[in-house]
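Below is one structure, written out as structure tokens; comments come after it.
Just so it is clear, none of the values below were taken in a lab; they were calculated from the coordinates. Please read all numbers here as calculations on a predicted model, not as lab measurements. Positions of Cβ are backbone-derived with ideal geometry, glycine not excepted, and every protein chain shown enters the neighbour counts.
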Amino acid sequence: MNAVFAKIALLPTGWASNVYLQWNDKGILTSVAVNKTHPSNTPSVELLLPGMPNLHSHAFQRAMAGLTEYRSSVDDSFWSWRTLMYEFAQKLNPDLLKAVASQLYLEMLKAGYTSTCEFHYIHHDQNGRPYAPVEALSSCLIEAAKQVGIGLTLLPVMYEYSGFGQTPPHAGQARFINSPDWILSLLDRLAKQFPEHEGLRYGVAPHSLRAVCEPTLRELLENLTHWNPLAPIHIHIAEQTKEVEDCLAHYGQRPVEWLLNHFDVNKRWCLVHATHMTQQETIAVANSGAVVGICPSTEANLGDGIFNGPEYLKANGTWGIGSDSHITVDVAEELRLYEYSQRLARRQRNILASDSQHSVGHYLYTHAVAGGAQASARPITGLATGQRADALSLNVSHPDLIGKGDHKILDSFIFSRHGGALIDSVLVAGQWRVQNGFHAQEIEILQAYQRAMTTLLA
């Protein structure tokens, strides 16, 4: 049946009671009615939240979780981690990538992510030669998402150089290297084999300003605009202080400053991390309409730094969350770490809230949904007519939620954690992909992942 009744649901307008939701065969909501009587033939849930988009993912790095937590030098940093990542990436093939991605996407669903943006930069074989077909690795990600039932925005990555000044790529980057024409050809092949729909979108991701020069970036974006003028554009930017220093040395401007001065950054763009921005840059990004992709668990794990949340909030900036390297996959934890990093930096409490919304949990969750939806370029902005029926059912019997109502639900969901899953079931495009904490293909997917890890760690 294409309907569900929720005793309490979080709608774009706020909390509502006795909500009757209906959707069509494509999983698009056709009706969201409040203060209704529960139809006897309709399944019901106690509490329904909109599904959370994950706006930044490198799927293969899920298999690396826990493998880089040892000191290789006294000044370990992102850059030493990157060397280990290159070594690991060399081991992947299409079958292994699909197994890892399927496990990851299943974990995302169970953690509350109902869609993901895949920043996909491994394209070729271990020697840098194109696969036959060239879309072999990209196809694996689409098939994994389809198998699990998660929404996907696939972002093939443009990667050209190893550093500013058109530094030639090294052997560890051979699998990443391509051209704007190659990216466009890949998009054409993918769109023919897997046409876009409400659950699947394509865009591009110039990896970073150090990996793509200005002429190439212009050509890539011109190609994309001709292909689809609404397609999203994601880029890593200002993640590390060294990146900022190198950009200043090469361009005479900071990364965000340079990008804003040379390109029309607008709502199509997602600036991933943007950790190190000046006040002026922060305000300018907010005014551009672009989304900032904040990845608190990965940024903490890599020692990148802390995003200036209060300044960006004050400027009414748009943002969302991503699990990035997947050292953890947990909606609540990303949101919690975002707030906690602000508290540690400022030695204050309850920082990410506003005069109109005093609940930190409500601010975090609703803004992350809106920003993630924009970055995904898909209709997933919440429980409203015309949007996908993507939602989470919470276990109101969990000790952390007993007796909680209104804003206290989200505050407790994010900031109270005492064992056991708070997410009971997950709805994606009108289908219950997770029920009572279990996915129908969970055992099969885990077994494939176990075989893949045995190979990768051999």
For region 202-285, give the magnitude of the charge dipole about the Cα centre (Cβ charges: +1 Lys/Arg, -1 Asp/Glu; no others), in debye to the nearest 20. 180
Would you calculate the separation in nanometres between label points at Ile402 and Glu143, each defined as 7 Å from the Cα along the Cα-to-beta-carbon direction? 4.8
Inter-part distance where region 351-366 and region 184-200 are each reduced to a Cα centre, Å: 37
With 0.36 nm assigned to each residue of separation and the Cα-Cα distance removed, Asp95 to His170 gains 24.5 nm
Listed candidates (1) -0.27, -0.77, -1.09; (2) -0.31, -0.83, -1.12; (3) -0.24, -0.70, -1.03 - label of the one calculated as log10 I(q)/I(0) by the Debye sum over Cα atoms at q = 0.06, 0.10, 0.12 Å⁻¹: (3)
What is the distance in Å between the Cα centres of region 144-181 and region 395-444? 34
Mind checking the dipole of region 52-376: about its Cα centre, +1 per Lys or Arg Cβ, -1 per Asp or Glu Cβ, Debye to the nearest 20? 420
Candidates per trypsin sites (Lys or Arg not before Pro) in region 345-398, loop by DSSP, up to 11 other Cβ within 10 Å: Arg347, Arg349
Residue-wise, which Karplus ³J(HN,Hα) couplings in Hz belong to region 93-109, taking 6.51 cos²θ - 1.76 cosθ + 1.60, θ = phi - 60°, and x for glycine or proline? 9, x, 5, 5, 4, 4, 5, 5, 5, 4, 4, 4, 5, 5, 4, 4, 4
Just the number, please: percent antiparallel of the DSSP beta bridges in region 150-270, rounded to the nearest 5. 20
Write down the percent of antiparallel bridges among all DSSP beta bridges whose residues are both part of the chain, to the nearest 5. 45
What residues from region 163-192 fall in the zone where the backbone N is under 20 Å from a label point 7 Å along the Cα-to-C-beta line of Tyr86? 163-179
For the chain, what does -39500 (n - 2.57) per DSSP helix run (n ≥ 4), summed and divided by total residues, give at 222 nm, in deg cm²/dmol to the nearest 500? -11500 deg cm²/dmol
Which one of Ser356, Phe164, Val134 has its Cα pushed farthest toward the positive end of the charge dipole of region 52-376, where Lys and Arg give +1 and Asp and Glu give -1 at the Cβ? Ser356
